[in-house]
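Remarks on the structure that follows.
The values are calculated or read from the model by the stated rules, or taken from the named source; none is laboratory data. Not measured: the values here are computed from a predicted model. Cβ placement follows ideal geometry from the backbone for every residue including glycine, while neighbour counts extend to all protein chains displayed. Note: accessible area is taken over every heavy atom of the protein model, side chains too, but ligands, DNA and RNA are not part of it. Shrake-Rupley method; radii C 1.70, N 1.55, O 1.52, S 1.80 Å.
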Amino acid sequence: MHCCSPHARSASRFFSRFARSYRRRFARKGFEDCQQHMLTGIAQSGYEDATLLEIGCGVGHLHLHLLEQGARKAVGVDLAPAMIDEARNWAAERGLSSRTEYHVGDFMHMQDIAPADIMLMDKVICCYPDVDGLVHRSLAATRRVYALVYPRNTWVMRSGVKLAGLVMRLIGSDFRPYVHDPEQVEQWVRAAGFDKTYQNRTFIWLTQVYSRSAD
């Protein structure tokens, strides 16, 4: 496992507790609105026969759905071993084991992850302190489409994240959530040669999909 910092270790333990409940929740309710937005944006850019890389893949419902709808292969990365266990099991149940590959650990410390056509990060950069490093490293691993969901930069979200951080501190966890500046994130993505092709929002989440600019 590539999981070095106290924050990463705490995030691994925190999210592992919810692996089974995440899968049960999806079985009952399906995709969240923000995830539907992400799928809509990716569909507009096209994913037939595409390779997928999902950082913070959780139990795998996004990339497994895209594989069933025509994507070719998916690699999932997550800090939480229990999430990866659920994703592997679910891929096997759906007959997708041969088209999936999973890694436990911090993507920032992995050297053996090949670039993919489509990058998915659903509620990931809000769980990472070095957003600059994560965005640039993930962009470097993206050939064509860059899709992400993260919190809107509103006073409600900033207040909620501060409260969540206080709770984490009180229970002795080093994990902290973050609200990052969407304008800065967009500037980094555009500077890497991508154009924004889709955006939508809910009360909490901002969904953006970018496609690499034509030469």
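Need one word for segment 64-122: rounded, prolate or oblate. Basis is the Cα gyration tensor (sqrt eigenvalues a ≥ b ≥ c); a/c below 1.5 gives rounded, then a/b vs b/c decides. Oblate. Across SER173, SER97, the residue with the most accessible area heads the list, and the full order at a 1.4 Å probe is SER97, SER173.
Using a 10 Å cut-off on Cβ atoms, rank the peptides 200-211, 142-153, 174-185 from the highest mean neighbour count down.
142-153, 200-211, 174-185
Of all lysines in the structure, the ones whose alpha carbon falls short of 24 Å from that of LYS162, not counting any fewer than 8 places away in one chain, are LYS123. Across segment 91-205, Cα-Cα pairs more than 19 Å apart make up 55 percent of the total. In the chain, helical runs assigned H by DSSP with n ≥ 4 each contribute -39500 (n - 2.57); averaged across all residues and rounded to the nearest 500, the mean residue ellipticity at 222 nm is -13000 deg cm²/dmol. Listed peptides 108-121, 79-92 appear in the order 79-92, 108-121 once ranked by packing, highest mean of other Cβ atoms within 10 Å at the front.
Taking Cβ atoms as reference points and 13 Å as the exclusive limit, the residues near MET157 contribute a net charge of +4, counting Lys and Arg as +1 and Asp and Glu as -1. Placing LYS29, LYS123 in order of accessible area, with the largest value first and a 1.4 Å probe, yields LYS29, LYS123. Positive-end ranking of LEU170, MET157, LEU134 along the dipole of the chain, with charges on Cβ about the Cα centre, is headed by LEU170. A simple spin-label model places pseudo-atoms 7 Å from Cα toward Cβ; at GLU183 and VAL156 they are separated by 2.2 nm.
Could you do me a favour and compute the accessible area per residue for the chain, 1.4 Å probe, result in Å²?
Numbers: 10210 Å² over 215 residues.
It amounts to 47 Å² per residue over the chain.
Based on the alpha-carbon gyration tensor of the chain and its eigenvalue square roots a ≥ b ≥ c, which shape applies: rounded if a/c is under 1.5, prolate if not and a/b is larger than b/c, or oblate?
It comes out rounded by the Cα gyration axes.
If a paramagnetic tag sat 7 Å from the Cα of ASP33 along the Cα-Cβ line, which residues of segment 199-215 would have the backbone N under 16 Å from that point? Under cut-off, by backbone N: 199-208.
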